[in-house]
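*Asks:* Just passing along the structure, written as structure tokens.
The values are calculated or read from the model by the stated rules, or taken from the named source; none is laboratory data. No experiment lies behind these values; they were computed from the predicted model shown. Note: ideal-geometry Cβ built from the backbone for every residue, glycine included; neighbour counts use all protein chains shown. Surface accessibility is based on the protein's heavy atoms, side chains included, excluding ligands, DNA and RNA. Shrake-Rupley method; radii C 1.70, N 1.55, O 1.52, S 1.80 Å.
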Amino acid sequence: MNVAARPYSLFANVLVGILSFILAFPLFILVYYRLPDLEWPYHTDKIIVFFIISALLLLMVRSFKFVIITAVAALVGWLWYGTVTGQYGFEELYRDGKNVLSGLKNEPASKDLVFTGTRSLGTDREIANAIDYRNPVVRDFAVEATNEYFKNEQEGTKLKYRILIQCLAVFKKINGNWNYVSDPKDEEYIAKASESVKLLAGDCDDHSILMAAGIKAIGGTPRLVYTDGHIYPELLIGNKKDLQHISKLIHEQLFPDESNERTIHYHQDEKGNIWINLDYTASYPGGKFMGTDVIECIYP
């Protein structure tokens, strides 16, 4: 009798282990975005958390098999109900799981700011004056972009994320229509934002000025980053948790085709603030940096 019971016992233990692992994954997804970012190499902190959840569930399943099996059945029923009613269901769970794995694989990449000295161009004041975000033409352009793009994503979200989504709408409108045109030969021409907004054309400083003005006109915080022979705009995202939230939106809802689960590139300043790249060379927010060493940052 004991011999006959052994295969059953082994099968039961294997089934319990599989059940614990399956149940651990959706629970891990639910806590993933609430985990503190310890920045351990190879996501060791998140892997440890997953195995802790799995181990605890294994102990619970062995001790309370009926309760746990009932809970699993309830979870499946809840997901089925969500699928039928158009709320959170199997598809959303799969999408979140895919996004978690993508986030572990394509972690946003930080690039250190390496300042190399004073810029050779003495145009800081002219650049700052050109960011005329209070001009009604610039303000109307930015507001129009928020009405044109991501209106559904703006609804029902926190104010700070709503503003960031609106700033990314400005990015989409500018970068989706921008035509690069060089300055006159041997001359630096600085166009005001209210001038470039009518043409959506110019060089890198004209693009940066318009992007900064459009973002600032609707409550966002931009800055301009100078490198050797190039300038590009960045948008203040917030902290690491904010970056994770915005990265998920970029990959999943706002720029899924353009980003295609690619890495989000950003700078982190001395206060820990996260800034993502909005260069005209990027097809999605957080695209690769074109410049290398940073010479100077301008905060309009």
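*Asks:* Does Q244 meet the test of being over 22 Å from N147 (Cα atoms), out of contact with any strand residue (DSSP E or B) (no Cβ under 8 Å at 6 or more places or on another chain) and outside any strand (DSSP E or B)?
*Replies:* yes
*Asks:* Which pairs turn up if I take residues in the stretch 276-299 that are within 27 Å of L254 (Cα to Cα) and outside any strand (DSSP E or B) and look for partners that are open to solvent by less than 10 Å² (accessible area, probe 1.4 Å) and hydroxyl-bearing (S, T, Y) with beta carbon separation below 6 Å, at least 6 apart in sequence or on another chain?
*Replies:* Qualifying pairs under 6 Å: D279/Y232; Y284/S259; G291/T227.
*Asks:* Across the stretch 223-238, which residue is most open to solvent (accessible area, probe 1.4 Å) among those that are modelled with pLDDT under 90 and farther than 16 Å from D124 by Cβ?
*Replies:* D228
*Asks:* A further question on this structure: Please enumerate the residues belonging to the stretch 184-222 that are part of a loop (DSSP other than H, G, I, E, B), of a type outside the set (S, T, Y) and surrounded by 15 or more Cβ atoms within 10 Å (Cβ to Cβ).
*Replies:* Scanning the stretch 184-222 gives I190, A191, K192, L200, D203, I218, G220.
*Asks:* Then there is this: Does the stretch 76-94 include one or more residues that are within 30 Å of R262 (Cβ to Cβ), at pLDDT below 75, touching a His at 6+ places or on another chain (Cβ under 9 Å) and not hydrophobic (A, V, I, L, M, F, W, C)?
*Replies:* no
*Asks:* Follow-up question, since we're still on this one. For the stretch 129-181, what are the residues that are open to solvent by less than 40 Å² (accessible area, probe 1.4 Å) and charged (D, E, K, R)?
*Replies:* D132, K173
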